[in-house]
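Every read-out reported here was derived from the displayed coordinates using simple, explicitly stated rules and does not represent laboratory data. The structure presented is a predicted model; accordingly, all values stated were derived computationally and were not measured. Please note: Cβ atoms are built from the backbone with ideal geometry, for glycine as well, and neighbour counts cover all protein chains shown.
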Amino acid sequence: MPIEELTRNAVDVLPEGGLEAKLKLGRPLRVKLGIDVTSPDIHLGRGIPLQRMRAFQDEGHKAVFIVGDYTTRIGDPSGRSSERPILSDEEIDANAQVYLDQAKTILRDDPELLEVRYNGEWLSKLSYADVVRLGRIVTVARMLERDDFEKRYRAGEPISVSELLYPLMQAYDSVAVEADVELGGTDQLYNLLAGREVMEAYGLEPQVVLTTPLLLSWDGEKMSSSVGNNVPLTAAPEEMFGRTMRIPDSQLEEWWSLIAEQPVPDGDPMEAKLALARFIVARSYGEEGARAAEEHFTRVIRDHEPPEEMPEHGLPTGDPIHLPALLADAFGISTSEARRLIAQGGVKLDGEVVSELDVPRERLAGAVLQAGKRRFVRLNEAT
């Protein structure tokens, strides 16, 4: 595989000529990617560096996937205007398992090509003296050169000492696993370069740094789990398909290039978008999953018909039934949101818009209740 395939879509490959030199070592490289478990999913944007890791695997190199169970307790400050909330141990453990399952939708799950590590293995064992030694490697002035820290410092916003330690902890991961290459998004460039400094301070050959672009979502903002504009790698197939179809035509070239690693097909943008959605779902669920997701999208979104299968929901007691309360119970939304949906014409019974707040029971029994474009339940008499 030409080096251009390993570095496809890369923004930074540092130092210049460094990757070529590593490849000439004549052994499988240890290619590191670490992901903190701050939320319960890996989305398409986070999958882009995973795709580069897969390319290295395909050439026989070892992917070293680090689950940041310990660094999550500090919180990566990259791109943040405030300190991240700290998750409980239970949340971290649950997210870690989900992350690993999702990463394997892209990575080759072969013990010869994949090494999974949790950075609590080594970071939890560092003594206070070890942390002080790490703290001597990079100066505070150097830390404050980071855009996110500099902006917060100038604005008088707090920066905790633990946040200053984060890049050093991530860098120590590279020492622990003796990384040859570290991958990450462009927002990780400072942290990855810090890894080179720390490795050198510990007498190791510094890693090569390779960054990939940040994926913009349909709203033009960086894809983010916390914002909700994301496409998780193991979301329900119909949800993955539907969310992909939300991107505007202007983003087709970017998504095809970064995710499918192919040029946009010639012809109708809608067909190109459908093909991309099929690719994304098939990668996680196979061709059959992609076909079912497209059929669901065509039926529910394009043809405005209810899905063939849907959950059932029992009716509460009383007659008439207060529709906002029923919607809240059936779809897990607030009654105020339910009222807004009704006012906006977003609630239907058997395909017909319903505007009243109190509905006769006989009209609801056996009917299909729809909220928005994608949420459906069949109502029945509770047993």
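For Arg154 and Arg361, what is the calculated FRET efficiency with R₀ set at 41 Å and r taken between the beta-carbons, to the nearest 0.05?
On the way: r = 62 Å, r/R0 = 1.51.
Step by step, r from the Cβ atoms, then E = 0.10.
According to a simple spin-label model (label point 7 Å from Cα along Cα-to-Cβ), what is the distance in nm between Arg136 and Ala260?
5.5 nm
Considering only DSSP beta bridges where both residues belong to the chain, give the percentage that are antiparallel (nearest 5). All intermediate terms of the calculation are to be shown ahead of the outcome.
Working: 16 of 39 bridges.
About 40 percent, rounded to the nearest 5.
Treat the count of other C-beta atoms within 10 Å as a stand-in for reagent exposure and order Phe241, Phe297 from fewest to most. Don't skip to the end; give the middle numbers.
Details: Phe241 28, Phe297 21.
With the sparsest Cβ surroundings first, the list reads Phe297, Phe241.
On full extension of the chain, what length is gained from Arg291 through Thr105, given 0.36 nm per residue of separation minus the C-alpha to C-alpha distance?
Working: separation 186, 0.36 × 186 = 66.96 nm, distance 1.79 nm.
Taking Arg291 through Thr105 to full extension adds about 65.2 nm, to one decimal.
Going by the alpha-carbon gyration tensor, a ≥ b ≥ c the square roots of its eigenvalues, is the range 312-381 rounded (a/c under 1.5) or, if a/c is not under 1.5, prolate (a/b greater than b/c) versus oblate? Please list the in-between numbers first.
Details: a/c = 1.36, a/b = 1.26, b/c = 1.08.
The shape class here is rounded.
Counting other Cβ atoms within 10 Å of each Cβ, which GluC sites (Glu not before Pro) in the range 143-246 have at most 14 and sit in a DSSP loop? Let's see the in-between values first.
Details: sites: Glu145, Glu150, Glu163, Glu178, Glu182, Glu197, Glu200, Glu221, Glu238, Glu239; in loops: Glu145, Glu178, Glu221.
Sites meeting the loop and neighbour criteria: Glu145, Glu178, Glu221.
Identify which of the listed values of Rg/Rh (Cα atoms, Kirkwood Rh) was calculated from the structure shown: (i) 1.05; (ii) 0.96; (iii) 1.00.
(i)
Which lysines have a Cα lying under 24 Å from the Cα of Lys373, excluding residues fewer than 8 positions away in the same chain?
Here the lysines satisfying the reach criterion relative to Lys373 are Lys273, Lys348.
For Gln344 and Thr234, FRET efficiency with R0 = 41 Å and r from the beta-carbon atoms, rounded to 0.05?
0.85
Mean residue ellipticity at 222 nm from the helices of the chain, using -39,500 (n - 2.57) per DSSP H segment of n ≥ 4 over the full residue count, to the nearest 500 deg cm²/dmol? Present the calculation step by step, with values, prior to reporting the outcome.
Details: 16 runs with 157 residues, N = 383.
Calculated from helices alone, the mean residue ellipticity at 222 nm is -12000 deg cm²/dmol.
Please list, by residue number, every one of the trypsin sites (Lys or Arg not before Pro) in the range 289-379 that is coil in DSSP and has at most 12 other beta-carbon atoms within 10 Å. Could the numbers behind the result be given before it?
Values: sites: Arg291, Arg299, Arg302, Arg339, Arg340, Lys348, Arg361, Arg363, Lys373, Arg374, Arg375, Arg378; in loops: Lys373, Arg374.
Sparse-neighbourhood loop trypsin sites (Lys or Arg not before Pro): Lys373.
Using Cα atoms only, what is the angle between the long axis of helix 44-58 and the major principal axis of the chain, expressed in degrees (0 to 90) to the nearest 10?
50 degrees
Starting from the Cα of Val227, step 7 Å along the direction of its Cβ; do the same at Glu309; then give the gap between the two resulting points in nm.
3.4 nm
How would you rank Ile137, Ile35, going from fewest to most other Cβ atoms within 10 Å of each one's own Cβ? Provide the component values of the computation, followed by the final result.
On the way: Ile137 16, Ile35 23.
So the residues, fewest neighbours to most, are Ile137, Ile35.
What lysines sit close enough to Lys151 to cross-link, taking a C-alpha to C-alpha distance under 24 Å and skipping anything fewer than 8 places away on the same chain?
Lys222
What distance in nm separates the simple spin-label points at Ser334 and Ala94, each placed 7 Å from Cα in the Cβ direction?
Label-label distance for Ser334 and Ala94, simple model: 2.2 nm.
Any chance you could give the angle, 0 to 90 degrees and rounded to 10, that helix 161-177 forms with the longest Cα principal axis of the chain?
The angle comes out near 70 degrees.
Taking the beta-carbon count within 10 Å as an exposure proxy, list Val13, Val281 from fewest neighbours to most.
Exposure proxy ranking, most exposed first: Val13, Val281.
Taking Lys22 as the anchor, which lysines have their alpha carbon closer than 24 Å to its alpha carbon, excluding any fewer than eight residues away along the same chain?
Lys22 reaches Lys32, Lys62.
Say R0 is 35 Å: what FRET efficiency, to the nearest 0.05, do Ile3 and Ala275 get from their beta-carbon distance?
On the way: r = 29 Å, r/R0 = 0.82.
Efficiency at R0 = 35 Å is approximately 0.75.
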